[in-house]
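These notes are about the structure you will find just below.
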Amino acid sequence: MTDPTRTGPADGAPTIDVVGLIDVDRVVADLVTMVGIPSVNPFAGPASPTAREHELAAWYAAALAELGFDVHVDEVVPGRPNVVGRLRGTGGGASVLLAGHLDTVGVHDYDTAFDATVADGRVHGRGSCDMKAALAAYLEVARVLARSGTRIAGDLVIAGLCDEEHTMIGSRRLGDGTPLADAAIIGEPSNLDVCPAHKGQVCVIVRTHGRAVHSSRPELGRNAIVDMATVIGRLDAYAAELSAREPHPLCGHARVTAAVISGGTIASTVPDRCELEIDRRTLPGETPEQVLTELAALLDPLVAADPGFRYELVGPTLVCDPLDTPVDAPVVVALLDAVGGRSATAFPAATDAPNLGIPAVVCGPGRLEEAHTTNEYVEIAQLGAAVGIYLSSVLRLTAPA
C-alpha cells in the first residue's frame, strides 16, 4: 500500500516525506499570534473590546491568501465573519474541508487569557486548546504541501467559522447551500481521538405559575418554586428512564440536566413564577419535537393530579444537532489509519460538524478537559501530531479516484 504521507512527481522520482517537512515552531508561532487576538463570543450581549472575531478572521484570511488559497470572507452578521479558503487541486479527486471556529468563551477570572505563553511543552492562553490549535495546524498542512511541491487532485478547503460557542450561526450559514467539499474534519479538542459521532443538544424552558401573596400568609397563595421542585423530581425519573433505553453504539445514553433556575422577587412575597432551563442531550435520530413531546408527557400528569398546578414549555431555546457519520465513511477510515491504534469514539460535546451537510469527523489536538478553563493549554507535541494526521488524511482523501 502506498504511504499517503509520501509524495513525488508523476514521473517516478523519489518520494518526499511530507511529514518530515512539518515546522512545529511555525505552528506554535501562529497559535501564539491567534491567542493574542481576543475573539470572545459576545453571546447575546453587546460587543466588547475582547469580542474581535472580525480581527482574527482578517488575520486568518490573509494567512490563507498568502498560501495561494482563493479566499472569501462572509460577514454572517455585522462584525462576525466566516473565512473560507480554497486551494484548487489538479482535478479528479475528492475535496476535503478542514474547519474550525474563530470564537472562544469568556475570560472571567482569567487575567492572562490573551498573553499566550510557551512553557513546559505547552502553549497556554484562551483558545489555545479550543480551538485555535487546529486552525494553526491547518495552515501548516497547506505550507507542507507547498514546501514539498505537492499538487493534490482534489480541492483543499480551510474555513474559520464564527459563533460556535453560542448558536453556531457560522456553520449553519456554511452548510446552507451547495456543499463546499465531499467530507470535513473538525479539529475540536478530542485528544486526537477520531470522533464520527456526538450527541445533540436541545434546551427548553419550563415555567411554573403560582399565586403571589405576602409570605406571612403563604397558605393563601401558591408557591411556584415549590411546584418547580416537583418538576425537578420528575426530571430525575426522566433521567433514569433515558439511561434504561437502548444506547447508541458510540454516544451511549441520552442525558437530561436541570441547568439554570430563577424565581421569586423578594423574601416577603410568595413567588408566583419560577423558570427552569433544561439541557437535553439527544442521540442521533432524536428530534426537538420528540423532546418537547416527552417533557409534556412527563409534566401533564402533575396537572391531572393537581388542577392548581400550572406550567408551560418555552422553546426550544437552543438546538444543536447530533452527529452520526458512518464509521466506514472514507473520512473516518482515513483518520483512523492516520492516527493508528485507536477505535472510533464519540466526542462529548456538540460541534459545528452536523451543520455542514457532509460526512464530518471531529479530530483535533488538545483535551476537552482543558477547554473553557482559566488555565487553558495545548500540548505542543499534539500540534505536530495533528498536522501529520491531517496531512495523511488530506493526501489519501484527495487522491485521484
Take Gly285 and decide whether it is more than 30 Å from Arg217 (Cβ to Cβ) and in contact (Cβ under 8 Å) with a residue 12 or more places away in the chain.
yes
Can you find a residue in the range 173-196 that is touching a Ser or Thr at 6+ places or on another chain (Cβ under 6 Å), closer than 30 Å to Val96 by Cβ and of a type in the set (A, V, I, L, M)?
yes
Residues within the range 181-214 that are farther than 30 Å from Ala136 by Cα and touching a strand residue (DSSP E or B) at 6+ places or on another chain (Cβ under 6 Å), tallied
11
From the list Leu180, Leu235, Leu192, pick out the single residue that is part of a helix (DSSP H, G or I), touching a helix residue (DSSP H, G or I) at 6+ places or on another chain (Cβ under 8 Å) and of a type outside the set (D, E, K, R).
Leu235
Selection from the range 160-201 of residues that are under 22 Å from Pro284 (Cβ atoms), among the acidic types (Asp, Glu) and within 12 Å of the chain's Cα centre (by Cα)
Glu164, Glu188
Out of everything in the range 307-366 that is buried (at least 22 other Cβ atoms within 10 Å of the Cβ) and of a type in the set (Ser, Thr, Tyr), what residue ends up being nearest to the chain's Cα centre (by Cα)?
Thr351
I'm trying to understand the selection: among the residues of the range 279-334, which are under 26 Å from Arg207 (Cα atoms), out of contact with any Cys (no Cβ under 8 Å at 6 or more places or on another chain) and acidic (Asp, Glu)?
Glu286, Glu289, Glu294, Asp300, Asp306, Glu312, Asp321
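Can you tell me which of Val73, Val123, Val96 is farther than 21 Å from Ala184 by Cβ, touching a residue at least 12 places away in the same chain (Cβ under 8 Å) and either among the β-branched types (Val, Ile, Thr) or out of contact with any strand residue (DSSP E or B) (no Cβ under 6 Å at 6 or more places or on another chain) (or both)? Reasoning before the result, please.
Working: Val73 fails: farther than 21 Å from Ala184 by Cβ; Val96 fails: farther than 21 Å from Ala184 by Cβ.
Matching residue, one of Val73, Val123, Val96: Val123.
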Output for the range 280-306, where each listed residue is of a type outside the set (A, V, I, L, M, F, W, C) and within 20 Å of the chain's Cα centre (by Cα):
Arg280, Arg281, Thr282, Pro284, Gly285, Glu286, Thr287, Pro288
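Among the residues of the range 247-279 satisfying the criterion of being over 27 Å from the mean Cα position of the chain (by Cα) and small (Gly, Ala, Ser), which is surrounded by the fewest Cβ atoms within 10 Å (Cβ to Cβ)?
Narrowing the range 247-279 to residues over 27 Å from the mean Cα position of the chain (by Cα): 262-275.
With the extra rule that they be small (Gly, Ala, Ser), the set shrinks to 262-264, 267-268.
Working: Ser262: 12, Gly263: 19, Gly264: 16, Ala267: 6, Ser268: 8.
Per the criteria, the residue is Ala267.
Mind checking whether some residue in the range 126-136 is crowded, with 24+ Cβ neighbours inside 10 Å, over 16 Å from the mean Cα position of the chain (by Cα) and either over 28 Å from Arg173 (Cβ atoms) or touching a residue at least 60 places away in the same chain (Cβ under 8 Å) (or both)? Write out each step before concluding.
To start, the set of residues in the range 126-136 that are crowded, with 24+ Cβ neighbours inside 10 Å comprises 126-136.
This time we only want the ones that are over 16 Å from the mean Cα position of the chain (by Cα), so: 136.
Those left that are additionally either over 28 Å from Arg173 (Cβ atoms) or touching a residue at least 60 places away in the same chain (Cβ under 8 Å) (or both): 136.
Yes: the range 126-136 contains one or more residues that are crowded, with 24+ Cβ neighbours inside 10 Å, over 16 Å from the mean Cα position of the chain (by Cα) and either over 28 Å from Arg173 (Cβ atoms) or touching a residue at least 60 places away in the same chain (Cβ under 8 Å) (or both).
Go through Ser39, Ser48 for me and flag whichever is closer than 21 Å to Asp111 by Cβ and in contact (Cβ under 8 Å) with a residue 40 or more places away in the chain. Full working, then the answer.
Numbers: Ser48 fails: in contact (Cβ under 8 Å) with a residue 40 or more places away in the chain.
Being closer than 21 Å to Asp111 by Cβ and in contact (Cβ under 8 Å) with a residue 40 or more places away in the chain holds for just one of Ser39, Ser48, which is Ser39.
Looking at the range 81-173, what strands (runs of 3 or more DSSP E) fall wholly within it and have at least 1 residues that are at pLDDT 95 or above and polar (S, T, N, Q)? I'd like the intermediate steps shown before the answer.
Details: elements: 96-101, 117-119, 122-124, 156-161.
Passing ranges: none, list empty.
The values are calculated or read from the model by the stated rules, or taken from the named source; none is laboratory data. This one's a predicted model, so the numbers in the text were calculated from it and none came from an experiment. With ideal geometry, Cβ positions are generated from the backbone for all residues, glycine too; neighbour counts draw on all protein chains shown.
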